1. If you average the C-alpha positions of region 387-446 and of region 325-376 separately, how far apart do those two centres end up, in angstrom?
2. Relative contact order for region 470-559: what is it in percent, counting Cα pairs under 8 Å that are at least 6 residues apart?
3. Test of understanding: ordering 442, 736 by Cβ neighbours within 10 Å, fewest first, what list do you get?
4. Going by how many other Cβ atoms sit within 10 Å of their own, how do 200, 278 line up, fewest first?
5. Can you compute 3J(HN,Hα) from phi for each residue in region 204-219, using the Karplus curve 6.51 cos²θ - 1.76 cosθ + 1.60 with θ = phi - 60°, rounded to whole Hz and x for Gly and Pro?
6. Would you please give the residues with an amide H less than 5 Å from that of residue 532, counting only those at least 5 places away or on a separate chain, with H modeled from the backbone geometry?
7. Give a residue-ordered list of calculated ³J(HN,Hα) values for region 128-139 (Karplus: 6.51 cos²θ - 1.76 cosθ + 1.60, θ = phi - 60°; whole Hz; x for Gly, Pro).
8. When the C-alpha atoms of region 517-675 are aligned to their principal axes, what extent does each axis show, in angstrom, from largest down?
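Where a number appears in this text, it was derived from the coordinates with a stated rule and is not lab data. All values reported here derive from a predicted model rather than from experimental measurement. Using ideal geometry, Cβ is built from the backbone for each residue, glycine included, and neighbour counts are taken over all protein chains shown.
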Amino acid sequence: MARDDGTSLLTPELVVAEKVMSHDGARPLTRSEHGDLSVEVKFTSDAVWVILSREGSGSLALRFPVFGSDAVARVLPTDGAMASVEWRGPAGHATLRVTADAFGLEQFRAQYCFTPTAPLRIGKLPRDIVAFDIDGQPDPSGVTVEAQQRKLNTGLLYFTLCSRDFGKVLYLQNLSALNSYFNATGSKPENAVQADLPEMGYSPPLNPETGYADLPAGKAIMLYDTILAVRAYPQSGEADSAWQFLDMIGGIYPWLSPPKADFRHWPSRAEATVQDLMHAPEARIEHFGHTYFHPYTASEYPDVMVQLAIASALDDWGRWKGLKHPLVREIMAGIEGFHDKELKTLRRYLPNVGKDKNANAVDSWYLYHPMLNLANLAIAGNEQARNLFLDTIDYGIKAAHHFRYKWPILYDMRDFSVIQEVAEADQRGQTDVGGIYAWVMLQAFELTLERRFLDEAIAAIEAAKGMRFDLNYQANLTAWGAAACVRLWRITDRKEFLKQSYVYLASFFHNAQIWNSDIGLAQHWRNFLGVTCLQDAPYMAAYECFDSYSAFERYLDYGGPDLIPSVRLLLSEYCRHALDRAWFYYPDALPEEGVAKEHIRNGYILRHLNFPLEDLYPDSQPAGQVGQEIYGSGSALIYTTRSFRRIEGVPFLIWCDVFVRAVHKIDATTISMRIDGPAGTEARLVLVMEDQSAVQGIEARLTTSDGRNLPLEPKDGRLEARLPADASLLLGWKELKGAVSLKRNVLC
C-alpha cells in the first residue's frame, strides 16, 4: 500500500520493525547460510526475528512475539537445526527452532513454542511477515500476492517481493501443529493467514466471544509452525506460476504432518448402499410409472443429475461384480422423462415439478454433469445412453457458444437469458464449467471421432486462460478440467495443455485443507487434504470428494511418468486420503453428537442408511447440516471399483492406497502388476478375502521385479504389505485346504 508520493504506508509495528535491520537496533543471536540466502536470528524487547536475506535483493523477516518485559534470550545447542534459541521472562519462556531442507533447497521451518508462567491473556498480535527493501526499510508496497488462505483452508500465502530477484515465496502455517492452541483458546484459524497490506502473514486467532486468547499456566503451546519455500527464479506466467506453486507445496509436504490413512472396507459399504437404494422408501419415489431417486433423504424433487450420477456409479459397480445390475435399467427407463425433445436437451426436473421450482432455470454446471455420466454409460456400451447423449450434445455446444465459454451462475434454458450472472461471494460466474465441458466434448470425441468435439474442448480450455487462482468455482468441475487438459495434451501432443492442467490443479489445491483439525468435534473425523466444495463454502462435500477422486484417477492414468513429481505426489496423496476421509461422511461412522439433529436444510438424517452426509467441517460444527445425500450414494461404489481389484479366478480382492495399473494374470496363481504411486514414497497393499467365513486359507508371496521379497503381515483377517509406491510386482498364492488360523503370510 503506497501513498500518493510513492512511499509506503506503515503500521506502528512496521515502523518499529525498522530497527531490526540496523546494527544497533536488535541483538544478533545466530547467523548461517542456506542456498543463496543468509539466515539471521535477532532479538528485540518485543520479538524474536528470523531474517532471510539475498544479497542485493532485500529481505524477508518472520516475527515471533515476546510477552512482557525484561525477557532474556540465549542460544541453545542446535541438535541438527540451523538455529535454536530461547527467551525467559516473568511472563514465561519460549523456544524457537529453525530447520532447513536437507537437500539444500531454500525451504525453512520455524517452530515457536511458548509456556506461560501464569494464566495469560493475549490480544491481537501483528501479522508475522515483514518485507524489507535492499536498504533495510520495511516495504510492503511492491508485494504481489497471488493466493492466500480462504476461510479454513490451508493457511498459506503465495507471493513475490518487491524485488523479484529475491524470489517467489510460499508461506504456510502448519495448522495441524496448532490444534492445542485453538482448543485451549476456543478459537479457529479462519482467514488467520492474510495479506492485509501493509501487514501480511499469520496472526493467532482469538476467541470470538471474548476477543482475547487465554493461555493456561505451565502448558507448552505451539504458537507458530511456519514453513517457507523460496524459489530464486520466480515464474510470472499463469501456467509456470501454477507449476511453481504445486512444486513448492510438494517440496514441503512431508513437513505438513500428513496423518496415517486407514484401510476402509468399501466393498461392504457398497453392498449395503445398493441394498438401501433398492429397498429404502426414503430414497425412492414414483412418477409416470417409473422409479426416481430423491436428491436427499425423502426430500427434494428428482432431478436428472441425481439419476445419472447413481446410474453411472451402479453401472461401474455392476461391471466390477461381473453383472448388469437391474437398478441401472430401472433408472434409465425413467430418464426419458427429463428429455426435452423440442430443445433437444435434458431438463433438470420432470414435467410435474412443483411451482416452488423454476422448471426452466438451470445451473450452468448442471447442464454438463448429467451429460458426463450419460457419456460414461455410453462408452461402457449402453446404446440408450449413447443415443440420448448424441441427441443432446448440440444443445450443450449451443449454450457454450452463446456464453462464449464463460458461463453465468443460472440461466433460462429456453433462450439463455441470464437469471443470476455472478456469485455473491466473489462476483464471478461459474468459472470452471469450461473444464467439465471440455471433458464432455472429449467423451463425445471418443464416441464419434468427430473433430468438432475436439475443437470445442480446445476452445473451452483456451477461454479459461488468465483466471489463475480464481479459476476454481466448484471442486469437482476444476478436477475434470485438469483431466481434460492432460487428455488434450495426449491427443494433440501440445504441451501447453499439460501446463494448463497445472493451473486447474493449483486452483484446486488452493482450496484444500492441507491440515488435520482436532478442534472440538472435528477430532472424530478426518479433513486432511479435503477440498471445500465451492470457492466460498465452509465445508467439504461427499459428492465433490469422490467425483474429484474419479477425475484424478483419469488424470494420473493419462499423465503417466511425464508429470512433474510434485503433481504426482499431491494427486496420489489426495486420492489416498480420500479413501480414508470419505468414510466419515457416513453418519454411522460418527458419534451421535457429531451429526446434526435440527435445522437440516434438506430432509432428515437416518443413521442406518448407507448414504453419505453432504457436509463435513473442520471447526467442530456437526456434520450433515445440508442433508444426507442420496445423489452421493455412488461414493462407496466409486471407491470400491477404483481401489479394489477384483480378478476372475482370484480368491481375494487386491486393495492399494495408490492406483494399481497393468494387472496381468500370468497363470492360475500368479499375477504381475504395477503400483502407480509417486517415486520415493511408500504404498500399502492389502489382500482381502471376499468370503470372510471361508475355512480355507491363502498362502501368498509378494516380490518386486528385481526379486526382493516383501513381507505380507496378517491383520484383521487381511494380509498387508508396505512397499515402494512405484514398484512392479509379482504376486503368487496357493490355497491351503482346511486352514483355520492365521500364520505369517497366510490369509484365512
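1. Each part's Cα centre sits 15 Å from the other's.
2. It rounds to 37 percent for region 470-559.
3. Least to most surrounded, the residues fall as 736, 442.
4. 278, 200
5. For region 204-219, the Karplus curve yields x, x, 10, 5, x, 7, 9, x, 10, 10, 9, 9, x, 6, x, 10 Hz.
6. 513
7. 9, 9, 10, 9, 10, 7, 5, 8, x, 9, x, 8
8. 57, 37, 26
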